[in-house]
Structure formats: structure tokens, C-alpha cells
1. Just one of [x] -0.59, -0.83, -1.02; [y] -0.46, -0.80, -1.12; [z] -0.61, -0.93, -1.12 is log10 I(q)/I(0) by the Debye sum over Cα atoms at q = 0.11, 0.15, 0.18 Å⁻¹ as worked out from the coordinates here. Which one is it?
2. Under the 0.36 nm per residue contour assumption, what length would be gained going from the current alpha-carbon distance of Leu89 and Ser105 to full extension?
3. Mind counting lysine pairs for me in the chain? Cα separation below 22 Å, and the two need to be 8 or more apart along the chain or on different chains.
4. Hydropathy first: keep DSSP H helices in the chain averaging at least 0.5 on Kyte-Doolittle, then drop any whose Cα extent along the axis falls short of 15 Å, and list what survives.
5. Give, rounded to the nearest 20 debye, the magnitude of the charge dipole that segment 29-72 has about its Cα centre when Lys and Arg contribute +1 at Cβ and Asp and Glu contribute -1 at Cβ.
6. Could you work out the relative contact order of the chain? I mean the mean sequence separation of Cα pairs under 8 Å and 6+ apart, divided by the number of residues, in percent.
7. Could you work out [θ]222 nm for the chain from helices alone, using -39500 (n - 2.57) per DSSP H run of at least four and dividing by all its residues? Round to the nearest 500 deg cm²/dmol.
8. Most mobile of Ser69, Ser105, Ser131 per a Gaussian network model of the chain (Cα springs, under 10 Å)?
Amino acid sequence: MTALVAAIALAGCSGPPDPRAYPGSEDGVSWEEAAARYAIALPSCPTKEFRFDVQPRLRDHLVFTFMASKSCVDGFLTKYGADPAHPGLKWPRDDNFPPFGADKSERYGWTYDLKQRSALYHGFRTPNGSSFWVFVKQGAEETVYAYSLTTGYPN
């Protein structure tokens, strides 16, 4: 009985926070654990300024950002079924409609210059069926903002 109580207590404890996680990300969940839920991996080419936020069930989502070369980002998009040459939306646009709401911009520090070339990809899917919107601020070095719409993680 004592062993059972100890096992339950340990199961409820969270591990150390992942230093790459945004504040408020699910306690003790590393990028590797979060990425496994969504069957996604960062590109194998060099990236920088990587951050992520994962939330537990009922609020379940995965958000991440990184910077990399254009060829790296294009390969990342292609790997998950998005065509870098054919995004769902492109900027600049006449309506100056931002790709994500102010809540995400404020929470994650995501910035948009809607007069700068950028694109939003809708067809980004992982092998387990997770889907994402991926916004790319284009240039020689590109910034990627990704927000999950669904998770393929089993219920």
C-alpha cells in the first residue's frame, strides 16, 4: 500500500522545466515529449531562438517558433506536406489582417510587419494527423511561428 501511494505521488510530480519552454507551458514536459505527442521534429539543419509551449488535455495545443535559413524552412514545410511555393495566404495584403490573434502575439512575443513578405501555410500535417498553421516571415533567415489546430495524439 505504501509503495502504491509513493508511486502515485511520484507520478504527480513534474520534472524540471525545459528552459526552451515559454512561461505557462505544461510543467515538466520537454520539447521531446511534446513533439512526440504531435509526431513532429525540428529540422535537422541549424536553428536558433527556438521556444515552445505545450498544454495538457482539454487545452491541448503545441506552439513553437524558431529561426533558420530559407532552404531549411522550405525543407521543413515540405516534410510535413506544405508547399513553400503555394501558401494559403501571403503578405503584404490590402486588409493588413494579422495571421494570429493579438493574444498569441502578446503571449509569445510574436511580431508581424504586414508590409514585409510573409506567408501562412494551412496544409501542414504530421504523420499522426496533427495539423498546424505555420506562419513564415520570409528572408535570407526566416522566422517560423507554428500553432497546432489538432493533435493526432490518442485520447
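Read-outs: derived from the displayed coordinates by stated rules, not from any lab. Predicted, not measured: the structure shown is a model, and the values here were computed from it. Don't worry about glycine lacking a Cβ; one is built from the backbone with ideal geometry, like all the others, and counts go over all protein chains shown.
1. Computed from these coordinates, log10 I(q)/I(0) by the Debye sum over Cα atoms at q = 0.11, 0.15, 0.18 Å⁻¹ corresponds to label [y].
2. Fully extending the segment from Leu89 to Ser105 adds 4.0 nm.
3. 16
4. Details: long enough: 2-12 (16 Å, 2.20).
What comes out of the filter, once short or polar helices are dropped, is 2-12.
5. Values: 6 positive and 5 negative charges, 23 e Å.
Computed about the Cα centre, the dipole is about 120 debye.
6. Values: 267 pairs, mean separation 34.0, N = 155.
Over the chain, the number comes to 22 percent.
7. Values: 4 runs with 36 residues, N = 155.
The helix-only estimate for the chain comes to -6500 deg cm²/dmol at 222 nm.
8. Sorting by GNM fluctuation, first place goes to Ser105.
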